[in-house]
Amino acid sequence: MPKPLSMLLVAAIALVPACARPLPVAQHSGQVTAAATTPLDYGDYANLLQTYVSPSGLVDYTALQANPDRLQAVVTELGAVSLATYEGWSEADKIAFLINAYNAITLQSIVDQDPLKPSIRDIPGVWTAQRHPVLGQELTLDNLEHDLLRKQFSEPRIHAALVCAAISCPPLRQEPFTGDRLDQQLNDQAQRWLDSPQGLSLDRDQNRVAISSIFKWFGEDWQTQYAAPDQFTGSPKERAVLNFIGHYVSPSDRAYLAEGNYRLDYLNYDWSLNKQ
């Protein structure tokens, strides 16, 4: 059973130097009103994504930076969600909210730089030091990804949805994630990602399979649901990842992957900005 969010936040706080710790989570009665269970309306965020994100998932950062008020309003709205409201949502609504918060804050982090940086890695502390109001806390992007999404939920497809503003990231959607459509959206994200050169390269002529480095960094997240000890190739993490990938390729490619008679490599990760 997943741990309460407040327990996870406290655990995460304990690992942060005292000078950088967020405030303790406010205690509440645990009673959630009917209004608090209503999912957030992402209409403004949807309009923003439609305006500034291309169908291929690239971002017009120059235009977004020239018109910052809409993005700031979205980030402010997301940051105003209370822990009590969040805890009244379904698991799918929670996951959708955290993905949306991560992606919106990432966009904000990019356009806050003037001039725009060539890569998000050129922004000091963007993942570990810069803090943002989320659920009554001052949290980093790493808190959202590693301390909440990855620890609170057993949903490896989040890695197809979190977009860190790099070319080799999965594509940014032109719509927010929502709880009622989350499963469909995550499957679509995984499919688009693995159909792209950034997700998977399968070359039978060279007997080589290359996959995103994201699978190398977070391969353990797939082991619970996709463990495949007697098929595929590589370490237990790699077998689980390849089993997952097999659900998004043709039957013949899945059979080829399952046989395991190929060299498995990881694609070079292009950290250049995912800009139009």
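Structure data summary
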| item | result |
| --- | --- |
| Filter result for residue 228 (part of a helix (DSSP H, G or I), of a type in the set (A, V, I, L, M, F, W, C), without any contact (Cβ under 8 Å) to a residue 40 or more places away in the chain and over 30 Å from residue 60 (Cα atoms)) | no |
| Subset of the stretch 62-90 [of a type in the set (A, V, I, L, M, F, W, C) and part of a helix (DSSP H, G or I)] | 63, 64, 66, 71, 73, 74, 75, 78, 83, 84 |
| Residues satisfying the stated conditions in the stretch 102-122, i.e. surrounded by fewer than 23 Cβ atoms within 10 Å (Cβ to Cβ), more than 15 Å from residue 61 (Cα to Cα) and not basic (Lys, Arg) | 122 |
| The lone exception for residue 235 - which of (1) free of Cβ contacts under 8 Å to residues at least 60 places away in the same chain; (2) surrounded by 14 or more Cβ atoms within 10 Å (Cβ to Cβ); (3) out of contact with any Gly (no Cβ under 6 Å at 6 or more places or on another chain); (4) over 27 Å from residue 119 (Cβ atoms) it fails | (2) |
| Sole exception among (1) in contact with a Gly (Cβ under 9 Å, 6 or more places away or on another chain); (2) farther than 22 Å from residue 99 by Cα; (3) among the basic types (Lys, Arg) for residue 208, by number | (1) |
| Residues within the stretch 142-176 that are crowded, with 22+ Cβ neighbours inside 10 Å and more than 26 Å from residue 242 (Cβ to Cβ), tallied | 5 |
| Residue 194 vs. criteria of a type in the set (A, V, I, L, M, F, W, C), buried (at least 19 other Cβ atoms within 10 Å of the Cβ) and over 16 Å from residue 102 (Cβ atoms) | yes |
| Residue 93 being modelled with pLDDT of 95 or more, acidic (Asp, Glu) and in a loop (DSSP other than H, G, I, E, B) | no |
| Scan of the stretch 38-90 for residues that are out of contact with any strand residue (DSSP E or B) (no Cβ under 6 Å at 6 or more places or on another chain) and among the β-branched types (Val, Ile, Thr), ordered by number | 38, 51, 62, 74, 75, 76, 81, 85 |
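Rundown of residues vs (1) at pLDDT 95 or above; (2) over 21 Å from residue 199 (Cβ atoms); (3) in a loop (DSSP other than H, G, I, E, B), yes/no style:
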{"position": "142", "(1), (2), (3)": "yes, yes, no"}
{"position": "149", "(1), (2), (3)": "yes, no, no"}
{"position": "162", "(1), (2), (3)": "yes, no, yes"}
{"position": "172", "(1), (2), (3)": "yes, no, yes"}
{"position": "176", "(1), (2), (3)": "yes, yes, yes"}
{"position": "181", "(1), (2), (3)": "yes, yes, no"}
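The values are calculated or read from the model by the stated rules, or taken from the named source; none is laboratory data. Keep in mind it's a predicted model, so treat the numbers as computed, not measured. For neighbour counting, all protein chains shown are included, and Cβ atoms are generated from backbone atoms with ideal geometry for every residue, glycine included.
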